[in-house]
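See structure below.
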Amino acid sequence: MRLTAMTATMALVAGAAFAADVAPGDLQFDEYGAIEESLTGMAGDAENGAKIMASKSKGNCIACHEVTALQDAPFHGEVGPMLDGVGGYRSAAELRGIVANAKMTFEGSVMPAFYKTKGFIRPGDGYTGKAPAGDELPPILTAQEIEDVVAFLLTLQDG
Amino acid sequence: MKFKALTAAVALFAAPMAFAGGADDDNLVINGDLEITTKAAAPQHLDGVLDEVISGWHFRSDETQALEMDDFDNPGMIFVDQAVDQWNTAEGSEGKSCADCHGAPEDMAGVKAVYPKWNEAAGEVRTLQMQMNDCRTNRMGADAWKYDAGDAINMVALMSSVSRGMPVNVATDGPAAELWQKGKDLYYTRTGQLELSCANCHEDNYGNYIRADHLSQGQINGFPAYRLKNAKLNGVHSRFKGCVRDTRAETYSPGSEEFIALELYVASRGNGLSVEGPSVRN
């Protein structure tokens, strides 16, 4: 039992997908790029979503977006629109689609796809500059991390 | 310079707010008399893409800019001095130095401005480092220098310093056209898991901050660049490699055909700007 529990914890840390999660290749976008169904069937943790958005090694969303609620974390970029109030004018489904693969909503967007594992030109192994081991990359964010980010974005009501 | 009195911490926190909004309007004059063209009308091949080409100098803080305005403050000039010694040192089986064939470093003024350049005899586009290694191996009987490493990059800095103020004028036509097109294709290719091209950052977003970095046009007229971040001179290909790596991509290597092509193309985007290296960047 202990071993099983440990393996589960390690899988969690490594960010591996769970069987119940919608796999990156199975995402169902509607014609506007939104994703109706939760990727995990579990509620997102907004607090964790905030951490992911500010963390350089995770979403690093503030590299491009200014978010007043995250102003304790330096530094906020200007490449994308400021996100204050986005939870008021975008639905959960729209936000899920944008975070998973923004190019389905905004054609040709510079915003990276955070739940995509193949179809890249010269994919690398993270930020090492080296070739990856397999021909599929782990998604930048796990299914649950996407849900957490969406939950946080929905808290951004005042813009 | 009063800006130097600012502490690093203040400068760091003030930067994103104080300079947001693009290139500044400062003028770059080195040693009080060497005027550097840091903004120029874009070359014709950029019609419809950019109106003006701008040196990366305009996107740096006043403190960093000031370091480039006086050769005594420019840490890159230490390496230029080392290269002058190297220039005069005989090496290899022929017992020759660079000076034996080329005279004084100042006699090479103008050379850096036109590289990378088509070499008719070799039937290839050569970067300055390729040409220097050709001299070393074929005329001096010495070992080739490692690409972008110490000796090579110091010598590029010397060649650049004696061309400072002269306009970059890299040929894009004739026999160089094919490689130039390849470089252009690379410039617009969205690489890595982040699917970003050079153009996404340096054409679509110059002037914007990406996290704490103020994006420039990614011009190379100022190379080699002394970076405060790693306290050494950095070559063009090494810089490209870092940028490609930051798209979560498998990079190309310094000296590779891809980066030679990209250097030719990126250099030509700066046609009209002054040769400015060794520059100082963060």
Next item on the list: Hey, can you tell me all the residues within the stretch A:96-118 that are assigned to a loop (DSSP other than H, G, I, E, B) and among the polar types (S, T, N, Q)?
Entry: A:105, A:109, A:117
Checklist line | Residue check for residue A:104: in contact with a helix residue (DSSP H, G or I) (Cβ under 7 Å, 6 or more places away or on another chain) and farther than 20 Å from residue B:246 by Cα | finding: yes
Check: Consider residue B:110 against the criteria (1) farther than 16 Å from residue B:223 by Cα; (2) exposed (fewer than 15 other Cβ atoms within 10 Å of the Cβ): it satisfies all of them except one. Which criterion is unmet?
Finding: (1)
Checklist line | Qualifying residue in the stretch A:84-105 (condition: closer than 25 Å to residue B:207 by Cα and within 12 Å of another protein chain (Cβ to nearest Cβ)) | finding: yes
Next item on the list: Return the total of residues in the stretch A:128-143 being touching a Lys or Arg at 6+ places or on another chain (Cβ under 6 Å) and either within 20 Å of residue A:102 (Cα to Cα) or surrounded by fewer than 17 Cβ atoms within 10 Å (Cβ to Cβ) (or both).
Entry: 1
Next item on the list: Of all residues in the stretch B:211-229, count the ones that are surrounded by 19 or more Cβ atoms within 10 Å (Cβ to Cβ) and out of contact with any strand residue (DSSP E or B) (no Cβ under 8 Å at 6 or more places or on another chain).
Entry: 3
Note to self: For the list (1) closer than 20 Å to residue B:281 by Cβ; (2) of a type outside the set (Asp, Glu); (3) surrounded by fewer than 22 Cβ atoms within 10 Å (Cβ to Cβ), I need the number of the one condition that residue B:186 fails.
What the structure shows: (1)
Checklist line | Which numbered condition residue B:252 fails, given (1) touching a helix residue (DSSP H, G or I) at 6+ places or on another chain (Cβ under 6 Å); (2) without any contact (Cβ under 8 Å) to a residue 40 or more places away in the chain; (3) surrounded by fewer than 24 Cβ atoms within 10 Å (Cβ to Cβ); (4) under 18 Å from residue B:156 (Cα atoms) | finding: (4)
Checklist line | Single residue of B:154, B:138 found to be closer than 29 Å to residue B:68 by Cβ and in a helix (DSSP H, G or I) | finding: B:154
Note to self: On the basis of being basic (Lys, Arg), modelled with pLDDT of 95 or more and crowded, with 17+ Cβ neighbours inside 10 Å, does residue B:164 make the cut?
What the structure shows: yes
Check: Considering the stretch B:163-190 alone, what residues qualify as being within 14 Å of chain A (Cβ to nearest Cβ) and either farther than 26 Å from residue B:277 by Cβ or without any contact (Cβ under 8 Å) to a residue 24 or more places away in the chain (or both)?
Finding: B:185, B:188, B:189, B:190
Notebook entry, point to check: Which one is farthest from the other protein chains (Cβ to nearest Cβ), of the residues in the stretch A:16-61 that are without any contact (Cβ under 8 Å) to a residue 24 or more places away in the chain, closer than 16 Å to residue A:148 by Cα and in a helix (DSSP H, G or I)?
Noted result: A:51
Margin query: Out of the residues in the stretch A:116-152 meeting the condition of being basic (Lys, Arg) and closer than 16 Å to residue A:24 by Cα, tell me which one is nearest to the other protein chains (Cβ to nearest Cβ).
Written below: A:116
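Each row is one residue, and each column tells you yes or no for (1) more than 25 Å from residue B:239 (Cβ to Cβ); (2) touching a residue at least 60 places away in the same chain (Cβ under 8 Å); (3) part of a loop (DSSP other than H, G, I, E, B); (4) under 16 Å from the mean Cα position of the chain (by Cα).
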{"residue": "B:64", "(1), (2), (3), (4)": "no, yes, no, no"}
{"residue": "B:80", "(1), (2), (3), (4)": "no, yes, no, yes"}
{"residue": "B:84", "(1), (2), (3), (4)": "no, yes, no, no"}
{"residue": "B:107", "(1), (2), (3), (4)": "yes, no, no, no"}
{"residue": "B:125", "(1), (2), (3), (4)": "no, yes, no, no"}
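The values are calculated or read from the model by the stated rules, or taken from the named source; none is laboratory data. Model, not experiment: these values are computed from the prediction. Positions of Cβ are backbone-derived with ideal geometry, glycine not excepted, and every protein chain shown enters the neighbour counts.
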